[in-house]
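Just so you know, all these numbers are worked out from the coordinates, no wet-lab data involved. Everything numeric here is computed off the predicted structure, so don't read it as measured data. Please note: Cβ atoms are built from the backbone with ideal geometry, for glycine as well, and neighbour counts cover all protein chains shown.
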């Protein structure tokens, strides 16, 4: 039995009953990317009829026989009661036929890719969807969520500083308006369900908002406290496109027994430092390499060594390094351990070559996650915000997504 699959059996990947996507990726699955086919788009939101691509690497490199399965969900990511024929034209489950092995890499892997819709699977309605990757025994290997919308309303989004004097310099608030001139909504408070997402991270999404004001065919959401997010700080980053040499924010590179090891410069806590603007991609990552033609197959893997110096009192809290590269999950694979010899918190993560954003977050014993304990929080921080509008008409059997709006805190209002 392959080493990675043996470890998977020991670790027993599981799924809890209250979330259809609360499942950890196995250690041999890496670089899972689910994004629209359009350029410079990172979040997994697509218009009905547009294409979305899922790709991933299997480090076992044995051309394993994987399939995908599409499921429709309600706005809480619980499976809907629809039959497959009601949301899929074709097959909801199909074998993945597009896969190739890596070329000239120290870490062998098989790269898989599936594009939706395709000739066998076409989505018929809007809503929340889960795509699951299944092994040859039809067991779930990993899952990802995506949203399909069919625009029937227009959504205007604006970002404001917090009006709460206690968070004036640390939080950002989202105000938005839903315009529905061509859609009759009988009971907006009971049929319209907006969700606000910061930087594509569902873990901090805000929901449960009711319209505060009505103006003709407009629904106005002028909340401030209820729609406030911690601004956080600009994401840290590194670039491993040249795997043999130190590059952007990589202090040194060493060749280990099998793979290269890239040691990042030790990060210092930024909680007491003034805000400094520098460009980031809001937690996302891009696979790229200087030493190849096809980045999907030529990019290699290396061990990235993270280190953090922190003088904060973190009793009862664990520190994690996170970003889109690990689907914002917090588990043992990205948890920092304190090294008494170096006096810093450290973590080693196997990543494919590319440009990566990351941040340090803490989680206390109650499970509360903070993105400001280590790096601080500033109202000036540049963040992306997305407002999704869910609609469940009285008597309808499923929840639609009828609109999407976006805003960026670079244009923040007082």
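In nm², what is the average projected area of the convex hull enclosing the Cα atoms of region 78-219? Intermediate results must be reported in sequence, preceding the final value.
Values: hull surface 57.3 nm².
So the mean shadow area of the Cα hull is 14.3 nm².
Report relative contact order for the chain in percent, whole number only (criteria: Cα-Cα under 8 Å, sequence separation at least 6).
17
Given bins 10 angstrom wide, list per bin the percent of all Cα-Cα distances in region 127-209, short to long.
Once binned at 10 Å, the Cα pair distances of region 127-209 give 12, 33, 29, 18, 7, 1.
Based on DSSP H runs of at least 4 residues, each adding -39500 (n - 2.57), what is the mean residue ellipticity at 222 nm of the chain after dividing by all its residues, to the nearest 500 deg cm²/dmol? Each step should come with its number before you reach the end.
On the way: 4 runs with 21 residues, N = 414.
Theoretical 222 nm ellipticity from helices: -1000 deg cm²/dmol.
Sorted from largest to smallest, which semi-axis lengths in Å does the alpha carbon gyration tensor of region 3-149 give for its equivalent ellipsoid, taking the root of 5 times each eigenvalue?
Semi-axes from the Cα gyration tensor: 25, 19, 14 Å.
Over region 275-414, calculate the relative contact order: mean separation of alpha carbon pairs under 8 Å at least 6 apart, over the residue count, as a percent.
Working: 222 pairs, mean separation 33.8, N = 140.
RCO, region 275-414: 24 percent.
What ranking do 112-125, 307-320 get when scored by the average of other Cβ atoms within 10 Å per residue, highest first?
112-125, 307-320
What whole-number volume per residue, in cubic angstrom, does the convex hull of the C-alpha atoms of region 236-370 give? Display every interim value, and only then the final one.
Working: hull volume 16.9 nm³, N = 135.
Spread over its residues, the Cα hull of region 236-370 gives 126 Å³ apiece.
At 7 Å along the Cα-to-beta-carbon direction for both residue 251 and residue 187, put a label point, then send me their distance in nm to one decimal.
Inter-label distance under the simple model: 6.1 nm.
Please compute the length gained on full extension between residue 294 and residue 78, using 0.36 nm multiplied by the number of residues separating them and subtracting their Cα-Cα distance.
Using 0.36 nm per residue and subtracting the Cα-Cα distance, I get 74.0 nm.
Between residue 329 and residue 303, what is the spin-label point distance in nm, taking each point 7 Å from the Cα along the Cα→C-beta axis?
Each label point is offset 7 Å from its Cα along the Cβ direction, giving 2.1 nm.
Note down the relative contact order for region 311-376 as a percent, whole number, built from C-alpha pairs under 8 angstrom at least six residues apart. Present the calculation step by step, with values, prior to reporting the outcome.
Numbers: 81 pairs, mean separation 23.7, N = 66.
After rounding, I find 36 percent.
Using a Förster distance of 51 Å, how high is the FRET efficiency between residue 47 and residue 258, based on the Cβ-Cβ distance and rounded to 0.05? All intermediate terms of the calculation are to be shown ahead of the outcome.
Values: r = 44 Å, r/R0 = 0.86.
With a Förster radius of 51 Å, E is 0.70.
Taking neighbour counts of Cβ atoms within 10 Å as a proxy for exposure, in what order, fewest first, do 305, 111 appear?
Fewest to most other Cβ atoms nearby, the residues stand as 305, 111.
If I histogram all Cα-Cα distances within the chain using bins 20 Å wide from 0, what percent of pairs lands in each bin?
In whole percents, the pair-distance histogram is 25, 57, 18, 0.
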